[in-house]
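Student: One structure, as C-alpha cells, below. Some questions next.
The values are calculated or read from the model by the stated rules, or taken from the named source; none is laboratory data. Fair warning: this is a prediction, and the values are worked out from it, not measured in the lab. Here the Cβ positions follow ideal geometry from the backbone for every residue, glycine too, while neighbour counts run over all protein chains shown. Keep in mind that these areas ignore ligands, DNA and RNA; they rest on the heavy atoms of the full protein, side chains included. Shrake-Rupley method; radii C 1.70, N 1.55, O 1.52, S 1.80 Å.
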Amino acid sequence: MIKYFLAKVQFTVEDERSGKLRKTVLQYLVDAQSCTEAEARIVSHLGSGYTDYEVKSISESAISTVITA
C-alpha cells in the first residue's frame with residue numbers, strides 16, 4: 001500500500017532587502033512507508049545543497065492517490 005507523508009522543513013534564509021536572517025517553512029509530500037523513511041528521503045533530496053534547515057514535523061497524509069498527467 002502506498003503511503004504519503006507531509007514533511008514540514010524550516011529553512012533559515014537571508015532577507016534580500018534587510019540582510020537579516022529569517023525562517024521560512026516549506027512543505028513536502030513524500031512517498032514512503034514510515035516517518036523514518038520519509039525523513040531519510042527528505043535529507044537525501046536536500047543533499048549537501050542546503051545546510052541550514054531542520055525537519056520540523058512529519059505526519060501521515062490523508063492523500064490516498066496522486067494523479068499525474
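Student: Which one of these is in contact with a helix residue (DSSP H, G or I) (Cβ under 6 Å, 6 or more places away or on another chain) and under 23 Å from residue 63 (Cα atoms): 43, 30? Talk me through it step by step, then tell me what you get.
Tutor: Working: 43 fails: in contact with a helix residue (DSSP H, G or I) (Cβ under 6 Å, 6 or more places away or on another chain).
Going through 43, 30 in turn, the sole match is 30.
Student: Kindly indicate whether residue 25 is under 11 Å from residue 55 (Cβ atoms), modelled with pLDDT under 95 and open to solvent by 50 Å² or more (accessible area, probe 1.4 Å). Break it down stepwise before answering.
Tutor: On the way: under 11 Å from residue 55 (Cβ atoms): yes; modelled with pLDDT under 95: no; open to solvent by 50 Å² or more (accessible area, probe 1.4 Å): yes.
Criteria not met by residue 25.
Student: Just to verify a result, which residue in the stretch 1-19, among those that are at pLDDT 90 or above and closer than 18 Å to residue 53 by Cα, is farthest from the chain's Cα centre (by Cα)?
Tutor: 12
Student: What tally of residues in the stretch 33-63 results from selecting those that are open to solvent by 80 Å² or more (accessible area, probe 1.4 Å), part of a helix (DSSP H, G or I) and in contact with a Phe, Trp or Tyr (Cβ under 8 Å, 6 or more places away or on another chain)?
Tutor: 1
Student: Suppose we filter 3, 20 for residues that are surrounded by 13 or more Cβ atoms within 10 Å (Cβ to Cβ) and not acidic (Asp, Glu); which single one remains?
Tutor: Values: 20 fails: surrounded by 13 or more Cβ atoms within 10 Å (Cβ to Cβ).
Checking each option against the conditions leaves just 3.
Student: Still on this structure: Go through the stretch 1-25 and give me each residue that's among the aromatic types (Phe, Trp, Tyr) and either touching a Leu at 6+ places or on another chain (Cβ under 6 Å) or within 21 Å of residue 66 (Cβ to Cβ) (or both). Working first, answer last.
Tutor: Filtering the stretch 1-25 down to residues among the aromatic types (Phe, Trp, Tyr) leaves 4-5, 11.
Selection gives 4, 5.
Student: So which pairs qualify, if the first residue must be in the stretch 26-49 and closer than 22 Å to residue 65 by Cα and among the acidic types (Asp, Glu), the second must be modelled with pLDDT under 95 and open to solvent by 60 Å² or more (accessible area, probe 1.4 Å), the Cβ gap must be under 9 Å, and the two must be at least 6 apart or on different chains?
Tutor: 31/2; 31/3; 31/66
Student: Collect the residues in the stretch 6-17 that are without any contact (Cβ under 8 Å) to a residue 40 or more places away in the chain and either in contact with an Asp or Glu (Cβ under 7 Å, 6 or more places away or on another chain) or open to solvent by 90 Å² or more (accessible area, probe 1.4 Å) (or both), keeping them in residue-number order.
Tutor: Let us first name the residues in the stretch 6-17 that are without any contact (Cβ under 8 Å) to a residue 40 or more places away in the chain, namely 13-17.
The answer is 14, 16, 17.
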